[in-house]
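The values are calculated or read from the model by the stated rules, or taken from the named source; none is laboratory data. Just so we're clear, the structure is a prediction, and the values are computed from it rather than from any experiment. Virtual Cβ from ideal backbone geometry, glycine too; neighbours counted across all protein chains shown. Areas reflect the complete protein model, heavy atoms only, side chains present, ligands, DNA and RNA absent. Shrake-Rupley method; radii C 1.70, N 1.55, O 1.52, S 1.80 Å.
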Amino acid sequence: MIWRVRRVLTGHDPDGKSTIIADGLAPNLKEMPSFPGLALTDLWETTTAPARNDGHADAAARPIHLEPPQNGTIFRIVEFPPDSTRPQSSDGREGFKAIGAAHAQDKHSSDPMMHKTGTIDYIVVLKGEIYAVLDKGETLLRPGDVFIQRGTNHSWSVRGNEPCIIAVVLVNAAPVGGAKKKPAAKKAKKARKKK
């Protein structure tokens, strides 16, 4: 059963006084079609920087998508079920496609959940344990641990019997391009000019 999150939103009344404008279960939840039990609950989204605090519109009332808009953020809860419950026929492509992120999946990886996003993700483990899996290495995360994902190729693995629940803030970020190396001949020519 998917963990439901109580979300409390604040705002301002017509006199500019702070008030609670919504209090209840977060309505924007999506269970991944190719991996039952893997669920995303979007709590809030910003679309600009700096973000806007006016109005009473629910910024998470839209289809769930993996990445935030340019200059935006997403605050999300993700529930990962144990790997042992993943159907043998699960198709990572369909899962990423369902959240508008067919481009994110690493099609060369044997791990169907390996992917890369154009984000910096601030992740806090709330419940359970999960392995953060990278191209080179992995680490076990437990409740209270923080993982900062910086546009890297990554996946997740729950190897125990209980689901893991994480809170994530995804922040739009410039893609990792890496510094381009100058050919050796150009470096030598530049060095001679300095003399």
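Taken over segment 50-76, the criterion of being open to solvent by less than 60 Å² (accessible area, probe 1.4 Å) and not in a loop (DSSP other than H, G, I, E, B) is satisfied by 73, 74, 76. Against the numbered list (1) under 13 Å from the mean Cα position of the chain (by Cα); (2) more than 16 Å from residue 1 (Cα to Cα), residue 49 comes up short only at (1).
All of (1) touching a strand residue (DSSP E or B) at 6+ places or on another chain (Cβ under 7 Å); (2) surrounded by fewer than 16 Cβ atoms within 10 Å (Cβ to Cβ); (3) at negative phi hold for residue 144 with one exception: (3).
When segment 112-154 is limited to residues that are hydroxyl-bearing (Ser, Thr, Tyr) and assigned to a loop (DSSP other than H, G, I, E, B), the one that is farthest from the chain's Cα centre (by Cα) turns out to be 152.
Every condition in (1) under 22 Å from residue 164 (Cβ atoms); (2) open to solvent by less than 40 Å² (accessible area, probe 1.4 Å); (3) at pLDDT 90 or above holds for residue 118 except the one numbered (1). Among the residues of segment 77-111, the ones that are open to solvent by 40 Å² or more (accessible area, probe 1.4 Å), farther than 26 Å from residue 27 by Cβ and within 16 Å of the chain's Cα centre (by Cα) come to 1 in all. Across segment 147-190, the qualifying residues are those that are surrounded by 10 or more Cβ atoms within 10 Å (Cβ to Cβ) and among the β-branched types (Val, Ile, Thr), and the one among them that is modelled with the lowest pLDDT is 176.
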